[in-house]
Amino acid sequence: GYQVLAASSWREARAQITIDLPELVMVSVDEAPLWALDLLWELKENLPNAEFIIVTRDPAQPVVIDALNVGVSGVLMYPFDTTKLLSLVQSCLSEYRKLESLRRSEEYYKTVVTTAPDVIIHLDQDGKIKDINRIPWYLSGRKVLGSSPISFIDEDYHEVYLATVERVIANNSIESCEYALHAANGDLVWCEANLGPIRKFGSIEGVSLIMRDVTRRVEYIAEIEQQRNELNMLFELGKKVNATLNIHEVYDHLHDQVSAMMDCSQFSVSSVNPETKMICCEYFVNDNVPVDVSSFPPIPLNPEGKGTQSRVIVSGKPMVLNDYQAHMRTSKKKFMVRNDGSLHEEEEIPDDADVPRSAIIAPMIFKGDVVGVIQVISYRLNAYSENDLHLLETACTQMAVASNNAMLYRRAQDEIQERIQTQRELQESYDSTLRGWVAALERREKETAGHSKRVTELTMRFATRINVAQEERIHFWRGALLHDIGKLVIPDSILLKQDSLTETEWAIMKQHGEYAYEWLSSIDYLKPVLAIPRYHHERWDGSGYPRGLKGEEIPLPARMFAIIDVYDALMNDRPYRKAWRTNKVIEYFHEQTGKLFDPMLVDVFIEMITEDHKSKRLIPMPAELKIKRLW
């Protein structure tokens, strides 16, 4: 199974090996020893991987010894049999093929290593770079061989790298880590590294480090994270804007969001008044502490765009100031916020002070107009990037809408307050008129002087006692005040008559409730109060007037006031009798309960007037009496 080539001379042998590359060469050395030795040297040089056998009759001759020193694989002595020859040939060829396989493997791996896109480093036992497959761009111009990777890894990642190397050696394992290193041009390069042990004769003689530049991947992940943060901030900010009209709650939320994403020693929101051309601080946080801005003076808007806020407002464009103090020298007005939150004007600021060193200022634009600015400030130089600026710009879009909504809300609130104040003043004017009517009636009917004041106070207490809604109590008060206003229509001859009234006169007198109704019902705002003036003389058993209503046909306010009106009349002197004692009045109400008066209301009223005013407690009322609109 072997191909055998023969050459009878040195020249023929040399020519033969240029055509074919033999795996095994057999050289006879007895006939021409010197020629044979020279041939061996030349063949060994041209066929460094081939196996050599010398054939001789005298293995002790010098040429054999020299041949062995050259590196022949075996010696075959004449005479030899075929079996011995084949055995030696097979042994040599087997060794050749093993070495050839190893050589090809080494060539293959050498090619792989030299052409690999990753940087492959061999670290010696001292952690120094013993070998490297290629010098990447970020290590170009540096001393690499003999150096430790620590010399170019960012110091923040020294512990990560050293701990990984220690695990590789201690556990005889493959480990991975990521770190940043500084390129020769100053750029920060992110690398992913796999480290494993290099073994020799069973022991670790070094560490292999396969390093890959993953900067683009890290930047891409950072971009995705930035976008995610922006979307999340917009989403959360949008929810807050839609959930509240309190602009300071929105400012608080935005400050928290911004502080979580960038350095934020100070945070402020300012508005600009297009009419007065003044910039007003609306919100300010100093070192995470909200500051009362009510004492902050407004700043004139510089029409030429000098200063910081004026420049952003005039141009409508944001800016990053990574040397804030240098820029502030262009401002006519410079203010500094002390640690206690107070504001003072500062001409010169010490170099070592905790003052603004970097800033982002972005405009809030609504429908094409700049309505304000947001400032984020750091005490460090060069604290902000374009990504930070983009993030704040994104927030400003939402904040402009929120600020406009808040402005519209404030205007609406102001208008509502103005209307409420106008309505209150109008109602007060109306109520003053009502008091005037009642005063005129009491001056006319002298025996009831003070009666209206007393019954209105009792009415309000009683209404509170039975849980009449607060907004409804004013109607009870006005109804009580006007309960006898219909008597203004009654002639003096009847109203002031000292003797008993005739049947005709009494019929006229009993119409004063209807007169009140006819008079007051034409006034819209008095329509809710008509029940008391019209029906306060109706009685529970139907014996009252003017319509003879019975039980709950009588509106609740009138049933209440019927008790109060009689109580006040009995408790005060009249020309024809003296005031009754309290016990007698209470006894009278007990007698008339269920006849003239609503039994449940009588019980509550008696309890109210007999208990200590300083220890009032609300008596639970039947459901039909609670906040019941019957009038």
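When VAL373, VAL214 are sorted by how many other C-beta atoms sit within 10 angstrom of their C-beta, beginning with the fewest, the order is VAL214, VAL373. For region 73-132, the Kirkwood radius over C-alpha pairs fed into Stokes-Einstein at 20 °C and 1.002 mPa s yields D = 141 µm² per second. The residues packed around LYS240, meaning those with a beta-carbon under 13 Å from its beta-carbon, carry a net charge of -3 if Lys and Arg are +1 and Asp and Glu are -1.
So if I take the centroid of the Cα atoms in region 361-409 and the same for region 178-254, what is the distance between those two points in Å? Here the two parts' Cα centres lie 26 Å apart.
Fully extending the segment from ILE204 to GLN413 would add 67.3 nm, taking 0.36 nm per residue of separation and subtracting the current Cα-Cα distance.
Taken over region 117-213, the alpha-carbon convex hull comes to 88 cubic angstrom per residue.
Extents of region 445-625, taken as max minus min of Cα coordinates on every principal axis and listed largest first, are 47, 40, 29 Å.
Within region 389-542, all pairs of alpha-carbon atoms sorted by distance into 10 Å bins from zero give the percentages 9, 28, 26, 13, 8, 7, 5, 3, 1, 0. The value for region 10-113 of Rg(Cα) / (2.2 N^0.38 Å) is 1.16. Equivalent ellipsoid of the chain: semi-axes from √(5λ) of the C-alpha gyration tensor, largest first, are 115, 33, 20 Å. At an R0 of 60 angstrom, the distance between the Cβ atoms of TRP506 and ASN404 translates into a FRET efficiency of 0.30. For the residue pairs LYS527/LYS584; LYS527/LYS595; LYS453/LYS510; LYS239/LYS306; LYS44/LYS128; LYS98/LYS200, the alpha carbons lie more than 31 Å apart in LYS527/LYS584; LYS239/LYS306; LYS44/LYS128. For VAL160 and ALA260, a Förster radius of 22 Å and the Cβ-Cβ distance give a FRET efficiency of 0.30, rounded to the nearest 0.05. Summary of packing: across the peptides 579-585, 173-179, the per-residue average of other C-beta atoms within 10 Å ranks them, highest first, as 173-179, 579-585. Taking the number of Cβ atoms within 10 Å of each Cβ as an exposure proxy, the fewest-first ranking of LEU458, LEU68 is LEU68, LEU458.
The calculated pair-distance distribution of region 141-181 uses every alpha carbon pair, bins of 10 angstrom beginning at 0, and gives 28, 47, 24, 1 percent.
When its C-alpha radius of gyration is set against 2.2 N^0.38 Å (N residues), region 498-596 gives a value of 1.18.
Computed across region 357-423, the Kirkwood hydrodynamic radius from all distinct Cα-Cα pairs reaches 13.9 Å.
Working from Cα positions, state the angle (0 to 90°, nearest 10) between the long axis of helix 582-592 and the longest principal axis of the chain. Between helix and principal axis, roughly 90 degrees. Across the chain, C-alpha contacts under 8 Å between residues 6 or more apart give a mean separation that, scaled by the residue count, equals a relative contact order of 6 percent. Where both bridge residues fall in the chain, DSSP classifies roughly 85% of the beta bridges as antiparallel.
Using the rule -39500 (n - 2.57) for each DSSP H run of four or more residues, divided by the residues of the chain, the 222 nm mean residue ellipticity is -15000 deg cm²/dmol.
Using the empirical formula 2.2 N^0.38 Å as the baseline, the Cα radius of gyration of region 186-253 reaches a ratio of 2.18.
The distance between label points at ARG473 and GLU31 comes to 14.1 nm (points 7 Å beyond Cα on the Cα→Cβ vector). Computed with the Debye formula from one identical point scatterer per Cα of region 144-301, without solvent, the log10 of I(q)/I(0) at q = 0.13, 0.17 Å⁻¹ comes to -0.81, -1.03.
Packing, as the average of other Cβ atoms within 10 Å across residues, places the peptides 242-248, 283-289 in the order 283-289, 242-248, highest first. Rg/Rh, computed from the Cα trace of region 223-412 with Rh as the Kirkwood radius, has the value 0.94.
Laboratory data are not the source of any read-out in this text; all were calculated from the coordinates shown. Computed from a prediction, not measured in an experiment: that's the story for all the values here. A quick note on method: Cβ atoms are made from the backbone with ideal geometry, for glycine too, and the neighbour counts reach across all protein chains shown.
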